[in-house]
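Notes for the one structure printed next.
The values are calculated or read from the model by the stated rules, or taken from the named source; none is laboratory data. Small disclaimer: the values here were computed from a predicted structure and weren't measured. Here the Cβ positions follow ideal geometry from the backbone for every residue, glycine too, while neighbour counts run over all protein chains shown. Heads up: the accessible areas ignore ligands, DNA and RNA and are worked out on the full protein's heavy atoms, side chains in. Shrake-Rupley method; radii C 1.70, N 1.55, O 1.52, S 1.80 Å.
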Amino acid sequence: MTLRLSTIACAALLCGCAVGPRYEVPTAASPTTFKEAAGWTPAAPADALEKGPWWTLFGDPVLNELAASIDVNNQNVALAAAQYAQARAVVAEQRASLFPTVSLDASAGRSGGGGTTRTANNYRVDIGGSWEPDIWGSLRAGVTGAQASAQASAAQLASARLSAQGELVANYIGLRQADVEKDILDTTVAGYERVLQITQNRVNAGVTAKSDLLQAQTQLSNARADQLTVVRQRAVYEHAIAVLLGKAPSEFSLAPARWRIVVPEVPLGVPSTLLQRRPDIAAAERDVAAANENIGIARAAYFPSLNLSASYGYGNSQVGGLFNASNSLWSLGVSAAQAIFNAGATTARVDQAKAARDAAIARYRQAVLDAFANVEDQLAATRALAQQQELRRQASEAADQVEQQMENRYRAGQVNYTDVVSAQVTALNARRALIQVQADRQTTAVALIQSLGGGWHAEGPPR
């Protein structure tokens, strides 16, 4: 018993040893402000902040209902959730290695032989345990590494959720844009049909050449073909939304509805701390932490491993007297193992772990740089598109007036039909360009929200 106590005491003292490097969060580029937006504050880690249902900033009840069901139905999110659950189970498995293993064994046997009729019974019951003390910290490093991997998996789950939400909102915007374009083309086709009838009357009266009629027919056919293109595009968006919601496209449909052209403005007071809420950055940093622990696990192979074992039980030829004290059996054991020569394999594994950590650090730093670039890109696009929308609106209004004037002058015989065709094409393109820039502003807002890690909380209603 003295030997057992001494061994356990030595092991307890040695458990304070650790051969792995101390983890420090890698440094990365961290500008104090964003180039494309003044008034922002320095960045700091804040990936655990509550992000909220950011899609409600677009003010569309149908969109709110669709986006809220992403967590329940989207299969990519379900996959990430299952992977996170698996990572948590790995943590529990690694933590169990820190504790002794206890087992209970029971056996019964009957033997005989040697040409005699004598047989013997043997009954045995043992309870035993074994424990590998974490002398060099490798087991604790495994637990810590598994915890970091689980945290990275949690960040990947958040990333999958954010990606699915952003994709759904962008597809929904595209679908509503298609609805508006379809309305514009329906109105355009109706107008072209009226002009075609006027041209037909003028040809019948011998006032104009048949070429004008052919041009009018060409314009009408092209507009009808554009109608079909928009219908096809809308169907593609609807199918994509169905898949994001975990439904078969044949089981899902969205009725045409009014497009709410709401573009959330980024408040200038939003701190750049929100950048650290990006789940991909959080996952990359946790991957570095896990890789750092792997170095300690690899280094532990330089040192001997120790295993303690003990058992206590009873053995007898009769069940009735099996548990008498005189039939008790016990054993204690200590074993140690150390690799004497492995041709540098241990050193190679340590070098591999170090290189893997360095690679993880590089990926983390690149993720931070990409994140800042993404935010800058979207801020620049937001500002430019806001200015473009006003110019597109002015161009569309002017083109509409020119189209109407040309049609009136054509009826009065003051201009050729070629001038009418040119005005019609310009007006239709201007209307569609205005719709496109409005959709671009919304999708850019979605991209900016994703770049910031899931949104912000602004004062007052969005514009």
**Request:** For region 58-68, state whether one or more residues are modelled with pLDDT of 85 or more, among the aromatic types (Phe, Trp, Tyr) and farther than 30 Å from residue 301 by Cα.
**Result:** yes
**Asked** In the set 445, 362, which member is exposed (fewer than 15 other Cβ atoms within 10 Å of the Cβ), over 30 Å from residue 193 (Cα atoms) and either in contact (Cβ under 8 Å) with a residue 24 or more places away in the chain or out of contact with any His (no Cβ under 8 Å at 6 or more places or on another chain) (or both)?
**Response** 362
**Request:** Only residues that are among the hydrophobic types (A, V, I, L, M, F, W, C), out of contact with any strand residue (DSSP E or B) (no Cβ under 9 Å at 6 or more places or on another chain) and open to solvent by 90 Å² or more (accessible area, probe 1.4 Å): list them for region 66-112, please.
**Result:** 72, 79
**Message:** Condition first: modelled with pLDDT under 85, touching a strand residue (DSSP E or B) at 6+ places or on another chain (Cβ under 9 Å) and not in a helix (DSSP H, G or I). Can you find one or more residues in region 249-265 that meet it?
**Reply:** no
**Asked** How many residues are in a helix (DSSP H, G or I) and of a type in the set (Lys, Arg) when one looks only at region 114-160?
**Response** 1
**Filter result (free of Cβ contacts under 8 Å to residues at least 12 places away in the same chain and more than 19 Å from residue 435 (Cα to Cα)) within region 378-404** = 404
**Request:** Select, from 349, 286, the only residue that is touching a helix residue (DSSP H, G or I) at 6+ places or on another chain (Cβ under 8 Å), farther than 27 Å from residue 130 by Cα, of a type outside the set (Asp, Glu) and open to solvent by 60 Å² or more (accessible area, probe 1.4 Å).
**Result:** 349
**Message:** Which of the numbered conditions does residue 296 fail, given that it passes all the others? Conditions: (1) open to solvent by 40 Å² or more (accessible area, probe 1.4 Å); (2) farther than 19 Å from residue 105 by Cβ; (3) not polar (S, T, N, Q).
**Reply:** (1)
**Message:** I need every pair where a residue in region 245-268 that is under 19 Å from residue 390 (Cα atoms) has its Cβ under 6 Å from the Cβ of a residue that is at pLDDT below 90 and not in a loop (DSSP other than H, G, I, E, B), sequence separation at least 6 or different chains.
**Reply:** 264/57
**Request:** Evaluate the following for residue 374: is it in a helix (DSSP H, G or I) and surrounded by 13 or more Cβ atoms within 10 Å (Cβ to Cβ)?
**Result:** yes
**Message:** I'd like to check something: does region 169-179 contain any residue that is in a helix (DSSP H, G or I), touching a residue at least 24 places away in the same chain (Cβ under 8 Å), open to solvent by 20 Å² or more (accessible area, probe 1.4 Å) and in contact with a Phe, Trp or Tyr (Cβ under 6 Å, 6 or more places away or on another chain)?
**Reply:** yes
**Asked** Going through region 221-247 one residue at a time, which ones are farther than 30 Å from residue 70 by Cα, of a type outside the set (Gly, Ala, Ser) and crowded, with 18+ Cβ neighbours inside 10 Å?
**Response** 226
**The lone exception for residue 331 - which of (1) in a helix (DSSP H, G or I); (2) small (Gly, Ala, Ser); (3) out of contact with any Phe, Trp or Tyr (no Cβ under 6 Å at 6 or more places or on another chain); (4) modelled with pLDDT under 90 it fails** = (1)
**Item:** Filter pass, residue 336 being in a strand (DSSP E or B), on the phi < 0 side of the Ramachandran plot and of a type outside the set (Lys, Arg)
**Value:** yes
**Message:** Out of 404, 387, I need the residue that is part of a helix (DSSP H, G or I), surrounded by fewer than 18 Cβ atoms within 10 Å (Cβ to Cβ) and under 36 Å from the mean Cα position of the chain (by Cα). Which one?
**Reply:** 387
